[in-house]
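Down below is the structure, laid out as structure tokens.
The values are calculated or read from the model by the stated rules, or taken from the named source; none is laboratory data. Please read all numbers here as calculations on a predicted model, not as lab measurements. Cβ placement follows ideal geometry from the backbone for every residue including glycine, while neighbour counts extend to all protein chains displayed.
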Amino acid sequence: MTIKPGWTGRTYEDFEIGDIYQHPLGRTVTQTDNIWFTLLTVNPNPIHFDAHYAAQTEFGKPLVDSTFTLALVTGLSVADISQNGVNLGWDEVRLPNPVFEGDTIYAQSEVLEMRESKSRPHMGIVKFKTIGYNQTGVIVLEFKRTVLVYKRGHVPVVPPPQIKK
């Protein structure tokens, strides 16, 4: 039997400006996601958790907390672009269309810029543009994200567990 390693993420050298990564996983947003995230972040806006209130707005139903959408789309991109990195920041966050409970969110990212880090020679800095879109292809989120990414040979290694039979 051959043990094959799982996906360990990309390193700085794996990126090229113009590359587009269509992140393979989607995630359906539930009412529980929306209410819990709203409560966890102490967001008292009733448009996220009061269906009667939300029914009286132009949207007619609860909106998903926008910071949940930001966290979700960021998470969908991690395996492809930042599994071996550290976030430096998000810029130009835009929410062109609402997200509703029951929507399934997908994401893709494009490499915009990259340079070696001046203060950390074992890392590079990569800027991405990521979009999140729903099951019908409507863009619900756009942002630019800057990530400090390890270079090949410098990613911290987690040794495999010693399995006892």
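Quick one: is Gly18 of a type in the set (Gly, Ala, Ser) and modelled with pLDDT of 95 or more?
Yes: the conditions hold for Gly18.
From the list Phe68, Phe49, Phe128, which residue is surrounded by 13 or more Cβ atoms within 10 Å (Cβ to Cβ), modelled with pLDDT under 95 and not aliphatic (A, V, I, L, M)?
Details: Phe68 fails: modelled with pLDDT under 95; Phe128 fails: modelled with pLDDT under 95.
It is Phe49.
Determine whether region 152-162 contains at least one residue that is hydrophobic (A, V, I, L, M, F, W, C) and either closer than 30 Å to Ala51 by Cα or at pLDDT 95 or above (or both). If you could, list the steps in order and put the result at the bottom.
Quick first cut of region 152-162, residues hydrophobic (A, V, I, L, M, F, W, C) only: 155, 157-158.
Next, from what is left, pick out any that are either closer than 30 Å to Ala51 by Cα or at pLDDT 95 or above (or both): none.
Scanning region 152-162 turns up no residue that is hydrophobic (A, V, I, L, M, F, W, C) and either closer than 30 Å to Ala51 by Cα or at pLDDT 95 or above (or both).
Kindly check whether there is at least one residue in region 72-85 that is in contact with a helix residue (DSSP H, G or I) (Cβ under 9 Å, 6 or more places away or on another chain) and either farther than 30 Å from Ile125 by Cα or surrounded by fewer than 17 Cβ atoms within 10 Å (Cβ to Cβ) (or both).
No; the residues of region 72-85 include none that is in contact with a helix residue (DSSP H, G or I) (Cβ under 9 Å, 6 or more places away or on another chain) and either farther than 30 Å from Ile125 by Cα or surrounded by fewer than 17 Cβ atoms within 10 Å (Cβ to Cβ) (or both).
Just one of the numbered conditions (1) among the small types (Gly, Ala, Ser); (2) within 23 Å of Lys144 (Cα to Cα); (3) buried (at least 17 other Cβ atoms within 10 Å of the Cβ) is not true of Gly26; which one?
The failed condition is (3).
Inspect all residues belonging to region 18-26 and state whether any of them is in contact with a Ser or Thr (Cβ under 7 Å, 6 or more places away or on another chain), assigned to a helix (DSSP H, G or I), closer than 26 Å to Val157 by Cα and hydroxyl-bearing (Ser, Thr, Tyr).
Checked region 18-26: no residue is in contact with a Ser or Thr (Cβ under 7 Å, 6 or more places away or on another chain), assigned to a helix (DSSP H, G or I), closer than 26 Å to Val157 by Cα and hydroxyl-bearing (Ser, Thr, Tyr).
Looking at region 51-64, can you tell me whether even one residue there is farther than 26 Å from Lys144 by Cα and in contact (Cβ under 8 Å) with a residue 40 or more places away in the chain? Walk me through it before giving the result.
Going through region 51-64, the residues farther than 26 Å from Lys144 by Cα turn out to be 51-62.
After this cut, where a residue has to be in contact (Cβ under 8 Å) with a residue 40 or more places away in the chain as well, the list is 59, 61.
Yes, region 51-64 contains a residue that is farther than 26 Å from Lys144 by Cα and in contact (Cβ under 8 Å) with a residue 40 or more places away in the chain.
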